[in-house]
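Colleague: Sharing a structure, written as structure tokens. Questions coming.
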Amino acid sequence: MKKSEFFYGYLIIAACASIQAIGVGTYVMFGVFFKPLLAEFDWSRATLSGAHSLAFLISGIFGILVGRLTDRFGPRILMTGTGFFYGFSILLMSTINAPWQLYLFYSVFFGIGLSTVDVIALSTTARWFVRRRGVMTGIVKMGTGSGQMIMPLLASMLITGVGWRRAYVIIGGMAMVLIVLIAQLLRRDPAHMGLLPDGARTETSGSEFVERETSFREAIRSRQFWTIFFANLAACFSLMSVILHIVPHAIDIGIPSTAAAGILSTIGGVSMVGRFFVGNTIDRIGNRRSMILCFVLLIIVLLWLQLSKELWMLYLFAAVYGFTHGGFFTVISPIVAEYFGIRSHGFLFGMAVFAGTVGGFIGPIFAGSIFDLTASYRVAFWGCLCATAIGFGLILSLRPVRSKEKTRSDEVG
């Protein structure tokens with residue numbers, strides 16, 4: 001094996017974090033375009049919520065295929081191709097005039113491009129790091145938080161300065177160029193470069209980790225897999241409902257649009273802390289306990305949201321919610337690797353991501369439809385709380401990994 005002072009895995013982490021920042025950042029900024037699109041086209045909130053949610057669902061469906069292809073061919077070619085597709089879909093959003101165009105350009109095209117952002121970045125991270133998988137996943141997901149913080153503010157400024165159509169042109173072109181360039185740095189795993197996971201110098205117990213691999217067929221027959229699957233579905237039902245509707249909700253109760261966009265940016269900024277903290281926590285107390293912590297915090301903060309009527313209360317909500325939001329999206333890849341190994345991680349993680357996209361598809365449409373019926377998000381947010389409680393119960397019922405299996409993975413490196 002090669003010996004080098006600089007471990008290429010750190011460049012992989014930087015590339016994956018950047019992909020997360022651009023990819024997820026441009027997805028969550030849709031909430032900032034919500035009001036300008038409503039004002040110009042007089043569409044219902046359910047129509048816009050449906051397009052946003054369908055993009056998330058389609059990304060999950062294609063994510064399963066992306067996971068399988070990544071396991072076989074590696075991330076660089078896939079990320080390059082979808083980077084072009086991703087940026088082009090955003091460019092096309094500047095031309096929409098009818099709902100069918102919104103659903104084709106955003107839901108379908110953008111959804112396909114989005115399918116690689118989580119699966120490729122997190123599956124690649126899981127292959128390059130074993131002992132420090134939690135903290136490295138947290139660092140990669142901090143990229144998501146930075147994108148969630150920067151992109152809504154950038155979109156808000158561009159919409160104010162040049163209009164929403166030109167804003168889409170600028171952001172689409174930028175996203176295309178950056179993702180394609182960053183993709184050239186990706187490599188499937190350290191073995192392809194004559195290296196070892198975590199930058200280890202010698203072969204130690206790395207093979208022991210491989211021995212406890214679970215095949216795809218074994219995984220989908222296990223109760224643990226479906227518990228994780230449906231817990232992630234329930235969590236994303238709530239998470240994606242809030243992330244889309246919190247800006248219009250704030251504006252509806254009298255918060256200025258710029259301050260409302262700041263709420264979304266606060267969520268993104270604080271989520272970076274949550275991602276890094278939970279990443280470290282995973283390596284210390286395990287994935288299951290870390291996920292339980294995230295569910296408890298989400299239940300508390302959704303109760304607080306029901307009482308939040310002033311700007312400071314919404315910013316406090318955003319801070320706590322951002323922490324737990326970041327934690328959830330950090331823990332899901334490592335928990336799949338902990339229970340089932342990395343041989344089929346791309347495929348299994350793709351399935352877990354698909355579960356989240358199903359929840360993320362249903363939740364925002366539910367919230368938008370409830371608003372259209374009641375002119376309020378109150379009932380919708382109570383629905384999010386109920387879904388979160390179900391997910392919490394599922395994770396509590398998840399059987400911990402046996403101690404001897406933990407020992408094998410913990411000894412790696």
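Colleague: Quick test for you: out of V247, V273, V242, pick the one residue that is aliphatic (A, V, I, L, M), in a helix (DSSP H, G or I), at pLDDT 80 or above and surrounded by fewer than 23 Cβ atoms within 10 Å (Cβ to Cβ). Explain how you work it out, then say what you get.
Modeller: Details: V247 fails: surrounded by fewer than 23 Cβ atoms within 10 Å (Cβ to Cβ); V242 fails: surrounded by fewer than 23 Cβ atoms within 10 Å (Cβ to Cβ).
Result: V273 is the single residue among V247, V273, V242 that is aliphatic (A, V, I, L, M), in a helix (DSSP H, G or I), at pLDDT 80 or above and surrounded by fewer than 23 Cβ atoms within 10 Å (Cβ to Cβ).
Colleague: When the residues of the range 276-294 are filtered to those that are under 16 Å from the mean Cα position of the chain (by Cα) and crowded, with 22+ Cβ neighbours inside 10 Å, which remaining residue is modelled with the lowest pLDDT?
Modeller: From the range 276-294, those under 16 Å from the mean Cα position of the chain (by Cα) are 276, 278-279, 291, 294; that's our starting set.
Subset that is crowded, with 22+ Cβ neighbours inside 10 Å: 278-279, 291, 294.
On the way: V278: 89, G279: 84, M291: 94, C294: 95.
It comes out as G279.
Colleague: Another question about this same structure. Run W43 past the list (1) in contact with a Pro (Cβ under 8 Å, 6 or more places away or on another chain); (2) in a helix (DSSP H, G or I); (3) not β-branched (V, I, T) and report the number of the one that doesn't hold.
Modeller: Tallying (1) in contact with a Pro (Cβ under 8 Å, 6 or more places away or on another chain); (2) in a helix (DSSP H, G or I); (3) not β-branched (V, I, T), W43 fails exactly one: (2).
Colleague: Right, something else. Tell me whether the range 108-116 contains one or more residues that are part of a helix (DSSP H, G or I), buried (at least 22 other Cβ atoms within 10 Å of the Cβ) and aromatic (F, W, Y).
Modeller: Yes.
Colleague: Can you find a residue in the range 139-148 that is assigned to a helix (DSSP H, G or I), over 21 Å from H345 (Cα atoms) and over 20 Å from the mean Cα position of the chain (by Cα)?
Modeller: Checked against the condition, which is being assigned to a helix (DSSP H, G or I), over 21 Å from H345 (Cα atoms) and over 20 Å from the mean Cα position of the chain (by Cα), the range 139-148 yields no hits at all.
Colleague: Can you tell me how many residues within the range 83-106 are without any contact (Cβ under 8 Å) to a residue 60 or more places away in the chain and over 15 Å from L37 (Cα atoms)?
Modeller: The number of residues fulfilling the criteria is 2.
Colleague: Okay, moving on. Of all residues in the range 300-339, which are outside any helix (DSSP H, G or I) and at pLDDT below 90? Step through it out loud before you land on a result.
Modeller: First pass over the range 300-339, keeping only residues outside any helix (DSSP H, G or I): 306-310.
Listed by number, the residues that qualify are S308, K309, E310.
Colleague: For the range 154-170, enumerate the residues that are of a type in the set (S, T, N, Q) and under 13 Å from F30 (Cβ atoms).
Modeller: Kept after step one, since they are of a type in the set (S, T, N, Q), are these residues of the range 154-170: 156, 160.
Answer for the range 154-170, where residues must be of a type in the set (S, T, N, Q) and under 13 Å from F30 (Cβ atoms): just S156.
Colleague: Here's a follow-up. Which is over 13 Å from the mean Cα position of the chain (by Cα), of a type in the set (G, A, S) and either part of a helix (DSSP H, G or I) or closer than 15 Å to I182 by Cβ (or both), of A155, A121?
Modeller: A155
Colleague: With the checklist (1) among the charged types (D, E, K, R); (2) at pLDDT 85 or above; (3) within 12 Å of the chain's Cα centre (by Cα) in hand, flag the one item R166 doesn't pass.
Modeller: Checking R166 against (1) among the charged types (D, E, K, R); (2) at pLDDT 85 or above; (3) within 12 Å of the chain's Cα centre (by Cα), the one that fails is (3).
Colleague: Listed residues S333, S397; which is closer than 25 Å to R188 by Cα and in contact (Cβ under 8 Å) with a residue 24 or more places away in the chain? Lay out the reasoning, then the answer.
Modeller: Working: S397 fails: closer than 25 Å to R188 by Cα.
Result: S333 is the single residue among S333, S397 that is closer than 25 Å to R188 by Cα and in contact (Cβ under 8 Å) with a residue 24 or more places away in the chain.
Colleague: Can I ask one more? Looking at the structure I just gave you, is V32 surrounded by 23 or more Cβ atoms within 10 Å (Cβ to Cβ), under 14 Å from the mean Cα position of the chain (by Cα) and of a type in the set (V, I, T)?
Modeller: So V32 does not fit the description; no.
Colleague: Still on this model: Could you tell me which residue of the range 212-236 is modelled with the lowest pLDDT, considering only residues that are in a helix (DSSP H, G or I) and either over 23 Å from the mean Cα position of the chain (by Cα) or under 28 Å from A39 (Cβ atoms) (or both)? Don't jump to the end; show me each part of the working.
Modeller: Step one: filter the range 212-236 for residues in a helix (DSSP H, G or I), giving 216-220, 223-236.
Narrowing further to those that are either over 23 Å from the mean Cα position of the chain (by Cα) or under 28 Å from A39 (Cβ atoms) (or both): 217-218, 223.
Details: R217: 76, E218: 79, R223: 90.
Step by step, filter the range 212-236, then rank; the result is R217.
The values are calculated or read from the model by the stated rules, or taken from the named source; none is laboratory data. Fair warning: this is a prediction, and the values are worked out from it, not measured in the lab. Cβ atoms come from the backbone with ideal geometry, glycine included; neighbour counts cover every protein chain shown.
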